[in-house]
1. In region 2-46, what residues are open to solvent by 60 Å² or more (accessible area, probe 1.4 Å) and at pLDDT 75 or above?
2. Only residues that are in contact with a helix residue (DSSP H, G or I) (Cβ under 7 Å, 6 or more places away or on another chain), within 25 Å of residue 231 (Cβ to Cβ) and open to solvent by 10 Å² or more (accessible area, probe 1.4 Å): list them for region 122-148, please.
3. Somewhere in region 53-76, is a residue farther than 29 Å from residue 125 by Cα, of a type in the set (Ser, Thr, Tyr), at pLDDT 85 or above and open to solvent by less than 70 Å² (accessible area, probe 1.4 Å)?
4. Pull out all pairs, ordered by first then second residue, where Cβ-Cβ is under 9 Å, the residues are six or more apart or on different chains, the first lies in region 90-107 and is closer than 15 Å to residue 124 by Cβ and free of Cβ contacts under 8 Å to residues at least 40 places away in the same chain, and the second is part of a strand (DSSP E or B) and hydrophobic (A, V, I, L, M, F, W, C).
5. What single numbered condition from (1) out of contact with any strand residue (DSSP E or B) (no Cβ under 7 Å at 6 or more places or on another chain); (2) open to solvent by 70 Å² or more (accessible area, probe 1.4 Å); (3) not aliphatic (A, V, I, L, M) fails to hold for residue 171?
6. Answer with yes or no whether residue 122 is more than 23 Å from residue 146 (Cβ to Cβ) and among the small types (Gly, Ala, Ser).
7. Conditions first: (1) open to solvent by less than 70 Å² (accessible area, probe 1.4 Å); (2) in contact (Cβ under 8 Å) with a residue 40 or more places away in the chain. Residue 154 passes all but one, so which condition is the exception?
8. Among the listed residues 136, 107, 124, which satisfies the condition of being more than 16 Å from residue 193 (Cβ to Cβ) and modelled with pLDDT of 95 or more?
Amino acid sequence: MGRGVTSKPLSPAPGHRIAKLLARAGVASRREIERMIADGRVALNGTMLTTPATILPSLAGITVDGNPVSEPAPARLFLYHKPAGLLVTERDPGGRATIYDRLPKDLPRLMPVGRLDLNTEGLLLLTTDGGLKRQLELPATGVERAYRARAYGQVSQAKLEELIEGVEIDGIRYGPIDANMERRTGANLWVEMILTEGKNREVRRVLEHLGLQVSRLIRTRYGPFVLGDLAPGEIGEVRQHDLVSFRRDPRRGPGAEPMALKPAASHAARTAPKPPIPRETGAEAPRGRYPRKGSGAVPTAAKLRGGKPPRADARAAAPPTGERSASAPRGRRSGKLSLVTPGEARELARRERPARPDRARSGPAKPHGGRSGRRPPRGGH
């Protein structure tokens, strides 16, 4: 019996498809990269690639139009308040306006996470990383989307609550939807809807299935990222540590509250004037600086002239024994430096000066006598 030759099963080659690597590097979308490969614009070590299914461990040796491609930078995520009337596409054959016509020109190449209809407004996520885009879009990830819809018609809260079990419309099955009526004004009502799939025109089709005509639709949240105070047409970037935290736990546990992130690189905030620096007062002010008058932290000069301060405060404010005040005469030097400013020294001298009742009287001053300079009693008594 001859010796047989055993062959080990081939393991899949490590790496990713060239189209996926180039998309993550921000060169273009996967479809555009496939067209670029078909046009002979992508090469590996000088050899033209013929299929987008080429598996590579990295982008080393890859060139596009003769230019080398660097490794992808860390993923970035932007929040954009999409106005109504803009298409979420790079270019439109019909010449209609797109979001890329309105975005600032100094941004990197951005890919939209999902899409919003022409007349739908609100939060749209834009990212530089294809892997993050797919993580946010996949229904299996369970990332919630929140919408507010203004609709015309009649529907009950009980009918809206039935959507939590899902609904099938024209052969398409839609997953659980948490719908609640916010308020009603005549025949118009506002409905909040939270879902995790985000199929094409899902919110509009479900509400139309209930007999409602949608007149306005706003997306207010995507996962933990909220629209917040972004004005229509404004864009802001998510802070890197918030993005890392999200990628570690996209769902943040069942029923988790949104993170309410504040955009870190808002173009409006970048050009806003800086607020004035508040003046230090009271205990926060350094030694030798008086607070603003009327702050209540330290009595002003007008208050000090109106009455004598408490004795405990005068003792606490008095300079240490043997120290020389900056306003003391030259001939009375004690050999130590004073820690009291000239203004404080004058104020302390005013406090410690004995009362002079004779100055309050009119007429010539009378001679003093007796102990402590007291005036002798009248009539010899």
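The values are calculated or read from the model by the stated rules, or taken from the named source; none is laboratory data. From a predicted model like this one, the values you see are computed outputs, not experimental measurements. Here the Cβ positions follow ideal geometry from the backbone for every residue, glycine too, while neighbour counts run over all protein chains shown. Just so you know, the surface numbers come from the protein's heavy atoms only, side chains and all, with ligands and any DNA or RNA stripped out. Shrake-Rupley method; radii C 1.70, N 1.55, O 1.52, S 1.80 Å.
1. Within region 2-46, 16, 17, 24, 30, 31, 34, 35, 38, 39, 41, 45, 46 meet the criteria.
2. If the condition is that a residue be in contact with a helix residue (DSSP H, G or I) (Cβ under 7 Å, 6 or more places away or on another chain), within 25 Å of residue 231 (Cβ to Cβ) and open to solvent by 10 Å² or more (accessible area, probe 1.4 Å), then 147 is the only one that fits.
3. Yes, some residue in region 53-76 is farther than 29 Å from residue 125 by Cα, of a type in the set (Ser, Thr, Tyr), at pLDDT 85 or above and open to solvent by less than 70 Å² (accessible area, probe 1.4 Å).
4. Short answer, once both residue conditions are applied: 97/87; 98/87; 99/87; 99/124; 99/126.
5. (2)
6. Details: more than 23 Å from residue 146 (Cβ to Cβ): no; among the small types (Gly, Ala, Ser): yes.
The answer is no for residue 122.
7. (1)
8. Numbers: 136 fails: modelled with pLDDT of 95 or more; 107 fails: modelled with pLDDT of 95 or more.
Exactly one residue qualifies, and that residue is 124.
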